[in-house]
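Presented below is the structure to which this report refers.
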Amino acid sequence: MSSEPAHDDAVGTWLRPPRLDGVDSFWREAPLKPWWKSEYTLELIAVFIVGLGFMHFLYAETAAAGGVSGNDSWYHVKMGELLPELGASKDFPWLQRVYFNRINRDFISHHFGFHVLLVPFVYGAKMMGGDALAGGRWAMTFFFAASLTLFQLILMSQRVRCRWLWLALYLLMPQQFFLRHAYVRAIAPALIGMLVLVFLMLRRRYFWSGIGLALFTQLYLGAVVYGPLMVVCFAVAGILGERGDRVSWRLVLWTVAGWMLGIGAYPYFMGMFEFLQLQILGTGLAADISVGREWKPYQDTWWVAEHMSLTLIPFLVALVLRIRQGPRLSAGEMAVLLISLVFGGLMFKSRRFVEYWPPFALLAAALMVRPALNGIARWYDDLWENNARQRMVISSASVLMLLAVGLVGWLTLKSPQVRWPVIEAHWRSWLLMLGGYLLVLAWRRRAVNRDEETTVSVWLAFARRSSAAVMGVVFVFIFFGLGEPLWAGTQSKMKPKFDAAALNGAMDALKADSSQGDIVFADDWDIFTACFYLNHHNYYLVGLDPKFTQDKEPLLWERYKIITRGKTPKTYDVPAEYQQYAGAHESIRI
């Protein structure tokens, strides 16, 4: 019979850290052990391998094309490559008409810590015969695996059962989530920072929560907003919680201190808040000009529901079950739910927040459904250990089902009509991921008293494992059946938008025909990133975000738009094929 939980799931211990109650990857509870003990470490290593294999697979077509996903990725890889030379420089001559604050033209890098993290990957790739772009892909593969591992660690620390199920749901999250986490941007590292902060606050490690927030702020300036937002969610949940489950004033004290330490130590502290106001409101949530698509909302609600159903449905089911069956949410569960709702609201305002909502929605679902899973687990254990007739029926049926499922699976794989081309084309990545996944599914053995071991007990042990194997095989087929079209679409959409070879040839010709620092008039602001990566010999007019030019020189920006859209007035007769360029050369020179 399984041991009773160390404490009631409904009551948190907000004022003192709970011990990590070990729960194996299916139903049974294991002895109390810290998370760094061998079997837990093996599970975390296995999940990390899964993350590496999964993102390596998604990057297959991108790597073959010799580029990176997303426009901004080129800029960040180049900044990682140039960082040893530039340091924390406030001079950025490559953008001649871009102003990062209203006071002066000082450069503010809100990804400075992220660029520091990129350096070993970029130079490691170059030392191994690759290019800096390969280092960027390696970095994001590593960061994705780390964020997945932290998600698993939080589940372990909160005694969540069926962690293999939540791991699978994580890999079935919306396509847009994976697309954005494949960009060489601070998205995945920022998620790591937020998950670390949630883990520490759930464990009531107040001092370390402050340290974590300070480090998070050094990584990415978005933490100046995200960090306090998450602390507020925990504080509100603590205020609403029951007596004995409320937030301690030390959480607020240490996190405020960590936040102030982080922003004070940031290399670009001067002008930071003015820059954030321009970036978050001017470029993002309250933009008054046309900006990047990532800041725009989703237009079709049904499209969102369809493409995010494998995350949205578990979240809604868990929420309804918890409301109907109870018990009342603990402060920690309420805090994670609030965080997921905040990011969900932001996602419907600006689609870029899909990079954060799905993991927090899934984490909230796992915590909310925990009591229901505990009840099912107790019923399952009682069925096997106290009901002999049903036990024997299930035992026999399980063995037969295992054989049937194995036969059906073998025939399916042998059938020429059944093909999963994306999986077949990249079998090495899937083998790596599946190997790690099988480690996660591995059952830890229970000690058996040799004096009580009988033929019946051995048979029941085999049958019980057979029933688990049946469910596992069926689950794997469902998992790959749902995932294959999702991953295939993600892989194709991750391919670089720029033809790296063709653009590189154009940049080489430009460098050969120009002097150091000559200014290039590009046809749009968003091509700067790829041009900058391939050619930092020349300088450019605009780039990164249009608001950084428009806010300081609105008339010049309007003039730039007219030129690049071919709307300049015709001032003299030119051949018909060049009419759209008539008069543009006079407006380009400034």
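The values are calculated or read from the model by the stated rules, or taken from the named source; none is laboratory data. Predicted, not measured: the structure shown is a model, and the values here were computed from it. Counting neighbours? That spans all protein chains shown, and the Cβs are built from the backbone with ideal geometry, glycine included. In case anyone asks, the SASA skips ligands and DNA or RNA and just uses the protein heavy atoms, side chains included. Shrake-Rupley method; radii C 1.70, N 1.55, O 1.52, S 1.80 Å.
At most 15 other Cβ atoms within 10 Å and a DSSP loop assignment: could you name the trypsin sites (Lys or Arg not before Pro) in the range 189-248 that fit?
Working: sites: ARG203, ARG204, ARG205, ARG243, ARG246; in loops: ARG203, ARG204, ARG205, ARG243, ARG246.
Sites meeting the loop and neighbour criteria: ARG243.
Less than 5 angstrom separates the built amide H of TYR539 from those of GLY517, ASP518, ILE519, VAL520, all sequence-distant by 5 or more or on a different chain.
Close amide-amide hydrogen proximity is noted between VAL98 and no other residue 5 or more places distant or on a separate chain, at a cut-off under 5 Å (H modeled in the peptide plane; Pro and chain starts excluded). Each residue of the range 110-127 was assigned a 3J(HN,Hα) from its phi angle through the Karplus expression (A = 6.51, B = -1.76, C = 1.60, θ = phi - 60°), giving 7, 10, 4, x, 5, 5, 4, 5, 6, 3, x, 5, 5, 6, x, 5, 5, 5 Hz with x at Gly and Pro. For the range 78-143, trypsin sites (Lys or Arg not before Pro) are listed when DSSP marks them as loop and at most 14 other Cβ atoms sit within 10 Å of their Cβ; the list is ARG102. Short to long, the 5 Å bins of the Cα pair-distance histogram for the range 102-149 hold 5, 20, 20, 19, 14, 9, 7, 5, 2 percent of all pairs. Label zone (TYR123, point 7 Å along Cα-to-C-beta; backbone nitrogen cut-off 16 Å) within the range 43-85: 77-85. Extension gain for the segment TRP249 to GLN516, taken as residue separation times 0.36 nm less the Cα-Cα distance, is 90.4 nm to one decimal.
Taking a probe of 1.4 Å, how large is the accessible area per residue of the range 59-179, in Å²? Write down the numbers at each step before the final one.
Working: 3620 Å² over 121 residues.
For the range 59-179, the per-residue accessible area is 30 Å².
Computed 3J(HN,Hα) for the range 245-251, one whole-Hz value per residue from the Karplus formula 6.51 cos²θ - 1.76 cosθ + 1.60 where θ = phi - 60°, is 10, 10, 6, 8, 4, 5, 4, glycine and proline marked x.
3J(HN,Hα) couplings calculated from phi for the range 225-230 with the Karplus curve 6.51 cos²θ - 1.76 cosθ + 1.60 (θ = phi - 60°) are, in sequence order, 9, 4, x, x, 4, 6 Hz; Gly and Pro show x.
Filter the cross-link list LYS126/LYS552; LYS126/LYS495; LYS495/LYS561; LYS349/LYS497 down to pairs whose alpha-carbon distance in this structure exceeds 31 Å. Walk me through the intermediate numbers first.
Details: LYS126/LYS552 39 Å; LYS126/LYS495 21 Å; LYS495/LYS561 28 Å; LYS349/LYS497 26 Å.
Over 31 Å Cα-Cα: LYS126/LYS552.
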